[in-house]
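Asks: Below: one structure in C-alpha cells.
The values are calculated or read from the model by the stated rules, or taken from the named source; none is laboratory data. Nothing here was measured: the structure is a model prediction, and the numbers come from that model. Please note: Cβ atoms are built from the backbone with ideal geometry, for glycine as well, and neighbour counts cover all protein chains shown.
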Amino acid sequence: MIFLPFIGVIYEIVTTFAKNPPFNYKMVVYGGIFGIVGLSGEVWVHHLYTSGMADWIRIGMMITTLMISVPVGLLVIGLAGTLYKGSITFETPMLYALGVMFLFLIGGLTGIPLAVTSLTVHLSRSYYVVGHFHYVMAVAGTFAIFAGVYYWFPKFTGRMYNEFWGKLGFWITFAGTNIVFWTMMVIGVKGMPRRYYDYAQFPQFESAHQFMTFGAVILGIGFVIALINWIVGAIKGPKAGDNPWGSKSLEWTTVSPPPHGNWPTPPVLEENWSPYAYRRG
C-alpha cells in the first residue's frame with residue numbers, strides 16, 4: 001500500500017525527464033508489481049521474527065523475504081533501463097526521483113541481512129533495522145511525495161516554483177537523510193539497541209547520536225525550504241505553461257490549472273496514443 005503508489009509516481013517522472021518509455025514495461029508490471037502484490041501476503045511474517053515464533057516459521061520468513069527481492073529488483077532494473085540512453089534533464093522532480101532510486105537501493109541491499117535468520121536475530125532489535133526501514137520505505141516514500149508535488153505543482157497551481165530553491169532543498173534533505181540513517185545502521189551493527197529513550201548506558205555511541213541530531217536538523221531545514229518554495233510559488237511564482245515538462249501523459253493536455261471537469265472540451269486522442277510515446281535513444 002505504501003510502496004506501489006510511490007513507485008508509480010517515480011516511473012511517471014523518470015519516463016518524462018529521461019524522454020524514454022518504461023524499460024521492459026511487461027516485466028515491470030507482471031514481474032515487478034504483480035510479483036510484489038503476490039508475495040506481500042506472505043512476507044509480512046518477518047516483522048514478527050522476534051515475537052517467539054517457531055523455528056520452522058522463521059525459515060519460511062527467510063525464504064519469502066529473499067524471494068520478494070526479485071520483483072523489487074525488476075522494478076529497479078526497469079528504472080535504470082529507462083534512464084539508459086535517455087535525454088535526461090535534472091529538474092527538481094527528477095532529482096527527488098533519482099534520490100528515491102538511491103535510497104531504495106540502499107534500503108533494499110541492507111534488508112538482505114535481515115532476511116537471514118542467523119543475522120536478523122541480532123539485528124532486528126538494534127538501530128540497524130530502524131535505519132534500514134527508513135531507507136527502504138519512510139524517506140524513500142517521502143522523497144517520492146516531494147517528487148510528485150514538484151512534478152504536478154505547475155499543473156494544479158498554474159505557476160512554477162523556484163528551481164534554485166527546489167534543488168537546494170533536495171540536496172540539503174538528501175544530505176541530512178544519509179547522515180541520520182546511515183549512522184543509525186552503523187551503530188546498530190555495533191550494538192546500539194532500539195527503543196531506548198536514553199542512551200546513557202551506551203556512552204560509546206554518544207558522538208554518533210549527536211551527529212545524527214545534526215543530520216536531523218539539516219533534514220528539517222531541507223523540508224522547510226521545500227515548504228516555503230511551494231507556498232511562494234503558488235502565490236507569486238511565474239505562470240506555468242500547460243505542459244512545461246514536455247510530458248506525453250494525458251493530464252498535461254489540458255490547461256494549468258485544469259477547469260471544472262479537467263478539460264474545456266473532451267480530449268481527442270490519436271489512434272495510437274500512448275502516455276509513454278517517447279523514442280528510446
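Asks: For region 142-165, give me each residue that is within 20 Å of residue 221 (Cβ to Cβ) and either surrounded by fewer than 24 Cβ atoms within 10 Å (Cβ to Cβ) or within 13 Å of the chain's Cα centre (by Cα) (or both). Before the answer, list the steps.
Replies: Going residue by residue through region 142-165, those that are within 20 Å of residue 221 (Cβ to Cβ) are 142-143, 145-147, 149-150, 161-165.
Once the filter is applied, which keeps residues that are within 20 Å of residue 221 (Cβ to Cβ) and either surrounded by fewer than 24 Cβ atoms within 10 Å (Cβ to Cβ) or within 13 Å of the chain's Cα centre (by Cα) (or both), region 142-165 yields 142, 143, 145, 146, 147, 149, 162, 163, 164, 165.
Asks: Hey, residue 50 hits all of (1) closer than 18 Å to residue 6 by Cα; (2) touching a Lys or Arg at 6+ places or on another chain (Cβ under 7 Å) but one; which does it fall short on?
Replies: (1)
For every residue, the table says whether it meets (1) closer than 30 Å to residue 131 by Cβ; (2) assigned to a helix (DSSP H, G or I); (3) in contact with a strand residue (DSSP E or B) (Cβ under 9 Å, 6 or more places away or on another chain).
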| site | (1), (2), (3) |
| --- | --- |
| 215 | yes, yes, no |
| 219 | yes, yes, no |
| 226 | yes, yes, no |
| 233 | no, yes, yes |
| 247 | no, no, no |
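Asks: Looking at residue 248, is it closer than 30 Å to residue 82 by Cβ and not hydroxyl-bearing (Ser, Thr, Tyr)? Quick ask: steps written out before the conclusion?
Replies: Details: closer than 30 Å to residue 82 by Cβ: yes; not hydroxyl-bearing (Ser, Thr, Tyr): yes.
When the stated conditions are applied, residue 248 passes them.
Asks: In region 46-70, how many residues are among the charged types (D, E, K, R) and surrounded by 13 or more Cβ atoms within 10 Å (Cβ to Cβ)?
Replies: Of region 46-70, the ones among the charged types (D, E, K, R) are 55, 58.
So of that shortlist, the ones also surrounded by 13 or more Cβ atoms within 10 Å (Cβ to Cβ) come out as 58.
Summing the residues that are among the charged types (D, E, K, R) and surrounded by 13 or more Cβ atoms within 10 Å (Cβ to Cβ) in region 46-70 gives 1.
Asks: For region 15-68, what are the residues that are part of a helix (DSSP H, G or I), of a type in the set (A, V, I, L, M) and over 30 Å from residue 250 (Cα atoms)?
Replies: Within region 15-68, the subset part of a helix (DSSP H, G or I) is 15-18, 25-51, 55-68.
Narrowing further to those that are of a type in the set (A, V, I, L, M): 18, 27-29, 33, 36-37, 39, 43, 45, 48, 57, 59, 61-63, 66-68.
Answer for region 15-68, where residues must be part of a helix (DSSP H, G or I), of a type in the set (A, V, I, L, M) and over 30 Å from residue 250 (Cα atoms): 39, 43, 45, 48, 57, 59, 61, 62, 63, 66, 67, 68.
Asks: Turning to a different aspect of this structure: Restricting attention to region 193-204, does a residue exist that is over 19 Å from residue 90 (Cα atoms), buried (at least 17 other Cβ atoms within 10 Å of the Cβ) and either of a type in the set (D, E, K, R) or modelled with pLDDT of 95 or more (or both)?
Replies: No, there is no match, as no residue in region 193-204 is over 19 Å from residue 90 (Cα atoms), buried (at least 17 other Cβ atoms within 10 Å of the Cβ) and either of a type in the set (D, E, K, R) or modelled with pLDDT of 95 or more (or both).
Asks: Which residue out of 139, 121 is in contact (Cβ under 8 Å) with a residue 24 or more places away in the chain, crowded, with 18+ Cβ neighbours inside 10 Å and part of a helix (DSSP H, G or I)? Write out each step before concluding.
Replies: Numbers: 121 fails: crowded, with 18+ Cβ neighbours inside 10 Å.
Result: 139 is the single residue among 139, 121 that is in contact (Cβ under 8 Å) with a residue 24 or more places away in the chain, crowded, with 18+ Cβ neighbours inside 10 Å and part of a helix (DSSP H, G or I).
Asks: Say whether the condition of being of a type in the set (Phe, Trp, Tyr) and within 16 Å of the chain's Cα centre (by Cα) is met by at least one residue in region 75-96. Steps first, please.
Replies: Restricting attention to region 75-96, the residues satisfying the condition of being of a type in the set (Phe, Trp, Tyr) are 84, 90, 96.
Imposing the further condition that a residue be within 16 Å of the chain's Cα centre (by Cα) reduces the set to 96.
Checked region 75-96: at least one residue is of a type in the set (Phe, Trp, Tyr) and within 16 Å of the chain's Cα centre (by Cα).
Asks: Of the residues 32, 107, 81, 73, which is crowded, with 20+ Cβ neighbours inside 10 Å, without any contact (Cβ under 8 Å) to a residue 60 or more places away in the chain and either out of contact with any helix residue (DSSP H, G or I) (no Cβ under 8 Å at 6 or more places or on another chain) or closer than 28 Å to residue 279 by Cβ (or both)? Step through it out loud before you land on a result.
Replies: Numbers: 107 fails: either out of contact with any helix residue (DSSP H, G or I) (no Cβ under 8 Å at 6 or more places or on another chain) or closer than 28 Å to residue 279 by Cβ (or both); 81 fails: crowded, with 20+ Cβ neighbours inside 10 Å; 73 fails: crowded, with 20+ Cβ neighbours inside 10 Å.
Result: 32 is the single residue among 32, 107, 81, 73 that is crowded, with 20+ Cβ neighbours inside 10 Å, without any contact (Cβ under 8 Å) to a residue 60 or more places away in the chain and either out of contact with any helix residue (DSSP H, G or I) (no Cβ under 8 Å at 6 or more places or on another chain) or closer than 28 Å to residue 279 by Cβ (or both).
Asks: Let me ask something additional. Counting only residues that are out of contact with any Ser or Thr (no Cβ under 8 Å at 6 or more places or on another chain) and over 15 Å from residue 94 (Cβ atoms), which one in region 7-29 is surrounded by the most Cβ atoms within 10 Å (Cβ to Cβ)? Break it down stepwise before answering.
Replies: Just the residues of region 7-29 that are out of contact with any Ser or Thr (no Cβ under 8 Å at 6 or more places or on another chain), to begin with: 7-10, 13, 24-29.
If we keep only those that are over 15 Å from residue 94 (Cβ atoms) too, we end up with 7-8, 24-29.
Numbers: 7: 24, 8: 13, 24: 15, 25: 13, 26: 9, 27: 17, 28: 22, 29: 15.
Only one residue fits best here, namely 7.
Asks: Looking only at region 146-165, decide whether some residue is under 16 Å from residue 4 (Cα atoms), aliphatic (A, V, I, L, M) and part of a helix (DSSP H, G or I).
Replies: Yes.
Asks: Taking the condition of being aliphatic (A, V, I, L, M), surrounded by 17 or more Cβ atoms within 10 Å (Cβ to Cβ) and either out of contact with any Lys or Arg (no Cβ under 6 Å at 6 or more places or on another chain) or without any contact (Cβ under 8 Å) to a residue 12 or more places away in the chain (or both), how many residues in region 219-254 meet it?
Replies: 3
Asks: Now, a different point. Identify the residue in region 166-192 that is surrounded by fewer than 19 Cβ atoms within 10 Å (Cβ to Cβ) and among the small types (Gly, Ala, Ser) and, among all such residues, is modelled with the lowest pLDDT.
Replies: Among those that are surrounded by fewer than 19 Cβ atoms within 10 Å (Cβ to Cβ) and among the small types (Gly, Ala, Ser), it is 191.
Asks: Let me ask something else. What are the residues in region 38-54 that are touching a residue at least 24 places away in the same chain (Cβ under 8 Å) and either touching a strand residue (DSSP E or B) at 6+ places or on another chain (Cβ under 9 Å) or of a type in the set (Phe, Trp, Tyr) (or both), if any?
Replies: 49
Asks: If residue 251 satisfies all but one of (1) at pLDDT below 90; (2) part of a loop (DSSP other than H, G, I, E, B); (3) within 17 Å of residue 157 (Cα to Cα), what's the number of the condition it fails?
Replies: Status for residue 251: all satisfied but (2).
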